[in-house]
Structures are given as structure tokens and as C-alpha cells.
1. What list of ³J(HN,Hα) values in whole Hz, one per residue of the stretch 61-75 in order, does the Karplus curve 6.51 cos²θ - 1.76 cosθ + 1.60 (θ = phi - 60°) give from phi, with Gly and Pro shown as x?
2. When we measure straight from the Cα of LYS70, which aspartates and glutamates land under 17 angstrom away, once same-chain ones fewer than 8 places off are left out?
3. Let me have the 222 nm mean residue ellipticity of the chain computed from DSSP H runs of 4+ only, each contributing -39500 (n - 2.57), with the sum over all residues rounded to the nearest 500.
4. Given the Cα-Cα distance of GLU73 and GLU29 and 0.36 nm per residue of separation, how much length would full extension add, in nm?
5. Given Cα pairs under 8 Å that are at least 6 residues apart, what percent is the relative contact order of the stretch 12-71?
6. In nm, give the distance between the simple-model label positions of ASP47 and SER2, each being 7 Å from the Cα along the Cα-to-Cβ direction.
7. In units of 2.2 N^0.38 Å, what is the alpha-carbon radius of gyration of the chain?
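Just so you know, all these numbers are worked out from the coordinates, no wet-lab data involved. This one's a predicted model, so the numbers in the text were calculated from it and none came from an experiment. Here the Cβ positions follow ideal geometry from the backbone for every residue, glycine too, while neighbour counts run over all protein chains shown.
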Amino acid sequence: MSIMKKIYDILYEICGDNRVYNPDCELVESGLLDSYAVIELFSRLEDEGIEINPARVDRSLLKTPAGIAKLVEEYESDGLQNE
């Protein structure tokens, strides 16, 4: 399963809104992703084997599904997991 598909599915389960399938959907601005949902997102990504250190996250990447995919790809390619 692609990273983007995983992210879409996780976001849909958290937010329950089809707008999350748009890679440019403004998750925070639209109210779909609040601070509790971000915690749930990190938890669900960890369940998928993707551990992200919240203290090292560029918050601007959490605005859209495409940004979240970029964040995950950076963590996976740079070996930043578990830091």
C-alpha cells in the first residue's frame, strides 16, 4: 500500500470526511484536524511502523494530506524514526 493511500485511510478514519482524499485539502483550516486528531494521526502512523517525533515536526507539513505524506517520506528516507 502506498504512503499516500495509508495517509488517506488514516485521515478518513480520524476525520470521517471525504475531503481528506484531496491531497491539497486544508485539514487544519477546515477544522478537520485539530490537536487531538494530530495525536491520533501520530499514534496511527506508529501502528503502521512510522514513528515520528512530534517535537521535530515542521507543523506546516500537517496542513494537507500531501504535506503529511512528505513528512512521512522524509522520516523514512532520512532515517529519522526513533529520534
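1. 6, 8, 6, 9, x, 5, x, 5, 4, 4, 4, 4, 4, 4, 5
2. ASP9, ASP24, GLU26, GLU46, GLU48, GLU51, ASP58, ASP78
3. -15500 deg cm²/dmol
4. Here the answer is 13.5 nm.
5. With pairs under 8 Å counted, the relative contact order is 40 percent.
6. 2.3
7. 0.98
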